[in-house]
Amino acid sequence: MKKVLKFGIFPLVVILVAVVWNQYPRLNIISGFSAKGVCSCTFVADRELSSIEKGDNGFSPINIAKNKINFDEKSVTSTVFGLMKRKAIYKEGVGCILLPKNSDQITFKPNRYKIKTALPFPYGDLPQKDTVFSAINYKKLNNVVEDYFNENTPENTTRALVVLYKNKIIAEKYADGFDKQTRFLGWSMAKSLMSTVCGVMSKKGLLNKDELAPIDAWKNDKRSKITINNLLQMNSGLNWEEDYTKISDVTKMLYLESDMTKPQINKKLISKPNEHWYYSSGSTNLVSGIIRKKFKTHQQYLDFWYSQLIDKIGMHSMLLETDMAGNYIASSYSWATARDWARYGLLYLNNGNWNGEQIISEDWVKYTTTPTNTSQGVYGAQFWLNSKGHLSDVPKDCFFADGFQGQRVIIIPSKDLVVVRLGATYSKINELLKTRPIKPAENKHVVEFELNNITYNNLLKNILSTIN
């Protein structure tokens, strides 16, 4: 009997060792994601661990991580099965940073000048002026919003929804545990913010989108033809893998790199610039690094994003997080209240003008919303578009900032409308792709864009139906 048990257990041990061996590198990503997410949600958004683990980290395989919060140090340590310990620490002004081993020497932070303005929302801190629009069916709109929240499930939870018409909030609702003061992670909506910073710099003569990317490593090969425009439009032709389900270029960048502006630099060219659109968080962070080089000092780089854009339009709740090297992680990490995200949408609704001051030029807004070559009309300069009517029941001039788990700031100029949706939605793309597989000639990001838009199409369709 003992002999049988011995030989019966041995294969199980071999299998277990093989599984651990194959999956061990992934544990670094899992514990890194968990530590970073729990740290930011705790110390930036002021939320409880139970809510974070159930909501933001409540999906496989992230939910297998164990998290320990140190409130005195303002840090979070995460492990998976007791292995791959990762630590993230909160630093004033730059949020939570995922640390390399035995290093937390972070002394940099941006200067903020949050000047309160005695004006009503959106241009100041006072309540907005009471305005009733005859074109709005308020009863129907409130029913649309209530119904949308009633559809919340553990897999698809809307936390905040704000609807603005002609610069005024006409509907606003929050899920339990969230309110007007809650900061929400925009994920890839940070990409759109970075594009806007480029627009501000362009207007001030600090950046030319058509100049060659100033990357020394590219000067003596075909990559020397890549422009900043190519990077902003994500059609540089550089190799990149944007896949969050495995160890890929993007997950290694976000959870293993101390300087996130570098990974895209080392990639080879797989097609000519402007001939192959491919969504790349690496390109966005590379542009963040290029922006940094445009300033004489690191401090000027840190301050500019706030002084010339974020605080200038009253987004005082916003926090941009950095990597260990002090670069803004423009691909992924920006936090703000729903109302401040709404302010950002209004800047674009008003063609870059904020209460009489032209923050970005109208030409930059037009550039932002011009489809990138080979994107099939779904992408501009770090913004998503509806130029080909992929949202079938929504005007084609609709464009939006979009982030992981369903974050969106949607602008529809022809309807004077901005819609902000924030929450935690776990993508069912893999299930949907079984009924709509990607063909060899198709760009997978275009297909995923179409599938993800189904629920947003219905929401916007219902909201638009309340405007006469």
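Couple of notes before you dig in:
- Leading residue by the ranking (surrounded by the fewest Cβ atoms within 10 Å (Cβ to Cβ)) among those in segment 377-387 that are under 16 Å from P413 (Cα atoms) and without any contact (Cβ under 8 Å) to a residue 40 or more places away in the chain: S387
- Annotation: of all residues in segment 134-181 being among the charged types (D, E, K, R), under 17 Å from A45 (Cβ atoms) and in contact (Cβ under 8 Å) with a residue 24 or more places away in the chain, the one that is surrounded by the most Cβ atoms within 10 Å (Cβ to Cβ) is R159.
- Criterion (at positive phi and either of a type in the set (S, T, N, Q) or touching a Gly at 6+ places or on another chain (Cβ under 9 Å) (or both)) met by exactly one of N208, N274, N235: N274
- Figure legend. Inter-residue proximity from segment 338-350: first residues within 20 Å of A175 (Cβ to Cβ), second residues surrounded by fewer than 22 Cβ atoms within 10 Å (Cβ to Cβ), beta-carbon distance below 6 Å, spacing 6+ or different chains. Indicated pairs: D340/S317.
Yes or no, residue by residue, for (1) touching a strand residue (DSSP E or B) at 6+ places or on another chain (Cβ under 9 Å); (2) under 18 Å from L319 (Cβ atoms); (3) at pLDDT 95 or above:
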site	(1), (2), (3)
K54	no, no, no
N57	yes, no, no
N67	yes, no, yes
F81	yes, no, no
G95	yes, yes, yes
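- Leading residue by the ranking (farthest from the chain's Cα centre (by Cα)) among those in segment 223-246 that are modelled with pLDDT under 95 and of a type in the set (S, T, Y): T245
- Among the residues of this structure, V378 does not count as one that is under 23 Å from the mean Cα position of the chain (by Cα), closer than 25 Å to S236 by Cβ and at pLDDT below 90.
- From the list Y113, Y123, the one residue that fits, being in a loop (DSSP other than H, G, I, E, B) and in contact with a helix residue (DSSP H, G or I) (Cβ under 8 Å, 6 or more places away or on another chain), is Y113.
- Of the residues making up segment 25-48, those that are crowded, with 19+ Cβ neighbours inside 10 Å and either of a type in the set (D, E, K, R) or assigned by TED's automatic domain parsing to the domain that holds S332 (or both) are K36, R47.
- Test: residue in segment 179-191 that is among the hydroxyl-bearing types (S, T, Y), more than 25 Å from the chain's Cα centre (by Cα), modelled with pLDDT of 95 or more and not assigned by TED's automatic domain parsing to the domain that holds F43: no
- Any hit, segment 143-152, residues being within 28 Å of Q358 (Cβ to Cβ) and part of a loop (DSSP other than H, G, I, E, B): no
- Tabulated pairs, segment 424-448, first under 27 Å from N152 (Cα atoms) and at pLDDT below 75, second surrounded by fewer than 15 Cβ atoms within 10 Å (Cβ to Cβ) and of a type outside the set (F, W, Y), C-beta under 7 angstrom, 6+ apart or interchain: Y426/E155
- Subset of segment 167-178 that is in contact with a helix residue (DSSP H, G or I) (Cβ under 9 Å, 6 or more places away or on another chain), assigned to a loop (DSSP other than H, G, I, E, B) and not aliphatic (A, V, I, L, M) - its residue that is farthest from I136 (Cα to Cα): G177
- Failed criterion for K36 (all others in (1) outside any helix (DSSP H, G or I); (2) at pLDDT 95 or above hold): (1)
- From the options N143, N152, residue that is farther than 12 Å from I169 by Cα, assigned by TED's automatic domain parsing to the domain that holds M318 and more than 28 Å from the chain's Cα centre (by Cα): N143
- Hits in segment 179-212 (condition: part of a loop (DSSP other than H, G, I, E, B) and closer than 26 Å to E242 by Cβ): R183, G186, W187, S188, L207, K209, D210, E211
- Test result for Y301, out of contact with any Lys or Arg (no Cβ under 8 Å at 6 or more places or on another chain), buried (at least 21 other Cβ atoms within 10 Å of the Cβ) and at pLDDT 95 or above: no
- If you go through segment 49-90 and keep only what is free of Cβ contacts under 8 Å to residues at least 12 places away in the same chain, part of a strand (DSSP E or B) and loosely packed, with under 14 Cβ neighbours inside 10 Å, you end up with just N70.
- Among helices (runs of 4 or more DSSP H) entirely within segment 298-395, having at least 1 residues that are more than 28 Å from C39 (Cα to Cα) and either β-branched (V, I, T) or outside the structural domain of M253 (by TED's automatic domain parsing) (or both) singles out 362-368.
The values are calculated or read from the model by the stated rules, or taken from the named source; none is laboratory data. Every value quoted in this text rests on a predicted model; they were computed, and no experiment measured them. Positions of Cβ are generated from backbone atoms using ideal geometry, with glycine treated the same way; all protein chains shown enter the neighbour counts.
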